[in-house]
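In what follows, a single structure is set out as structure tokens and then discussed.
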Amino acid sequence: MNDPMRIVFLGLSLTSSWGNGHATTYRGLIRELDARGHDILFLERNAPWYASNRDMPEPPYARVILYENIADLKKRCEAAVVEADLVIVGSYVTDGAEVGRWVQEKAQGVTAFYDIDTPVTLKKLERNEWEYISPDLIPEYDLYLSFTGGPTLRRLEREYGAPRALPLYCSVDPEIYYPATMAPAWDLGYLGTYAADRQPSLERLLIEPARRWPSGRFVVAGPMYPDTIRWSDNITRIEHLPPAEHRRFYNNQRVTLNVTRADMVQLGYSPSVRLFEAAACGIPIISDYWEGLQELFDIGPELLIADTPVEVLDILEKIDPEELRNIGRRGRNRILSQHTAAHRAAELETYVEPLIASRGLIAPERNTTAAQPGAKPV
């Protein structure tokens, strides 16, 4: 991108990560866009549950306006939306359909919908639940940016009329997630909130292997697991693990497990941020399989697949420890070469650049010392 952009985001929350995985994505992406010389304004609904849990009330890389309701948004922020080169409305924004309609009426620049919840969004559209996006709005956005890639993008274009549906996957911050030298406390671990549709995979790929290998050490971190689950004595349970502890948690495992929600398996091409975070720590990963995973990692050299308890135990007991460490290193190198927040910022530029150029939009002079995407592999 030769010129800086004036970018306005309307997202769920940037100032609070409380119960809000969107904040991690927005913070990384916006920080890197700022480093590349762009001017960023984030418009956020002043929700009481975030107001009392703001862990970043004044982000150093973006201006934030907290608005009280739609009327307040329109009154205070219309000029910014009109003058922006790019306006991005995120999924799960309160009254997002109404917000999106207003943006499309007022914005003179490029407009985009950023769907951080694509499998959920598609289910909602099928049920005529349109609180943050509706079928009539999708064709009016210049870009539909999605956490899910692959065939889903063509479906969004074919069935819902999106002019251009493009992947903008989650990413990881390599300054936060990186290897640490420590003796692992566990042979295999998993981090994730309980989900009924994901539980059978967790049973098959961690709970049952733990029962069959009493001398192995296992851990499951995350809330909302029902009392009916039978945890064997060699499984450590951690009810709440704050984000600041995630890196240490991953580095305390010889191998970590990734299991996927059913709707994400069905659509494919839906990596989770947990997958990228674990890989960035250099920890070898066992994952269930879904279509598109093979395009993110080289299966075998960079990531391991298992479908049965026996396959999990074969990995834990039979693969040479040094080879496991090499798998972790190669997985980390793949993340650093393709899946950092800096890469996502650069991708967004390539998506928007031709649209900006075709409309002759002029932005302020760009910072020529902008950072470059990626990091050196180790």
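Given the chain, what whole percent of its Cα pairs are spread farther than 37 Å? Let's see the in-between values first.
Values: 16109 of 71253 pairs.
So the pairs more than 37 Å apart make up 23 percent of the total in the chain.
Determine, for each peptide in 134-143, 49-58, the mean count of other beta carbons within 10 angstrom over its residues, then list the peptides with the highest first.
Averaged packing, sorted descending, gives the order 134-143, 49-58.
Round to the nearest 10 and give me the degree value, 0 to 90, for the angle of helix 341-359's Cα axis relative to the longest principal axis of the chain.
Between helix and principal axis, roughly 30 degrees.
Give me the distance between the Cα centres of the stretch 17-42 and the stretch 63-83, rounded to whole Å.
18
How much of the accessible area of the chain, in percent, comes from carbon and sulfur atoms when a 1.4 Å probe is used?
Ligands and nucleic acids excluded, carbon and sulfur reach 51 percent.
In vacuum, with every alpha carbon of the stretch 244-292 counted as one equal point scatterer, what does the Debye formula give for log10 I(q)/I(0) at q = 0.23, 0.24 Å⁻¹? Two decimals, please.
-0.81, -0.86
Excluding ligands, DNA and RNA, what is the solvent-accessible area per residue of the chain at a probe of 1.4 Å, expressed in Å²?
Averaged over the residues of the chain, the accessible area is 43 Å².
How far is the Cα center of the stretch 315-360 from the Cα center of the stretch 186-205, in Å?
So the separation of the two Cα centres works out to 24 Å.
How would 241, 10 rank on accessible area, largest to smallest, probe 1.4 Å?
So the residues, ranked largest to smallest area, are 241, 10.
Could you tell me which trypsin sites (Lys or Arg not before Pro) in the stretch 103-158 are loop residues by DSSP with no more than 13 other beta carbons within 10 angstrom of their beta carbon?
In loop regions of the stretch 103-158 (DSSP not H, G, I, E or B), the sparsely surrounded trypsin sites (Lys or Arg not before Pro) are 127.
What whole-number distance in Å separates the alpha-carbon centres of the stretch 231-285 and the stretch 110-145?
Between the Cα centres of the stretch 231-285 and the stretch 110-145 lies a distance of 28 Å.
Simple spin-label model, 7 Å along Cα-to-Cβ: residue 105 to residue 78 in nm?
In this crude label model, residue 105 to residue 78 measures out at 0.9 nm.
For n ≥ 4 DSSP H runs only, could you compute -39500 (n - 2.57) per run for the chain, divide by its residues and tell me the 222 nm figure to the nearest 500?
Result for the chain, helices only: -11000 deg cm²/dmol.
Compute the long axis of helix 321-338 from its Cα atoms, compare it with the longest principal axis of the Cα atoms of the chain, and write down the angle in degrees, 0 to 90, nearest 10.
Between the helix axis and the principal axis of the chain, the angle is about 0 degrees.
Over the stretch 87-193, what is the percentage of antiparallel beta bridges among all DSSP beta bridges, to the nearest 5?
Expressed as a percentage, antiparallel bridges in the stretch 87-193 total about 0.
Kindly work out what percent of the DSSP beta bridges joining two residues of the chain are antiparallel, to the nearest 5.
0
GluC sites (Glu not before Pro) within the stretch 1-74: which are DSSP loop residues with at most 13 other Cβ atoms inside 10 Å?
Passing sites in the stretch 1-74 are 68.
Provide 25, 350 ordered by accessible surface of protein heavy atoms (probe 1.4 Å), highest first.
Largest to smallest exposure gives the sequence 350, 25.
So how do 159, 347 rank on accessible area, 1.4 Å probe, biggest first, that is with the largest at the start?
So the residues, ranked largest to smallest area, are 159, 347.
Note the angle between two axes, namely the Cα long axis of helix 70-83 and the longest principal axis of the Cα atoms of the chain, as a number of degrees from 0 to 90, rounded to the nearest 10.
80
The values are calculated or read from the model by the stated rules, or taken from the named source; none is laboratory data. Computed from a predicted model, the values in this text were never measured in an experiment. Reconstructed Cβ throughout: ideal geometry from the backbone, glycine too, with neighbour counts over all protein chains shown. Accessible surface areas use protein heavy atoms only, side chains included; no ligands, DNA or RNA. Shrake-Rupley method; radii C 1.70, N 1.55, O 1.52, S 1.80 Å.
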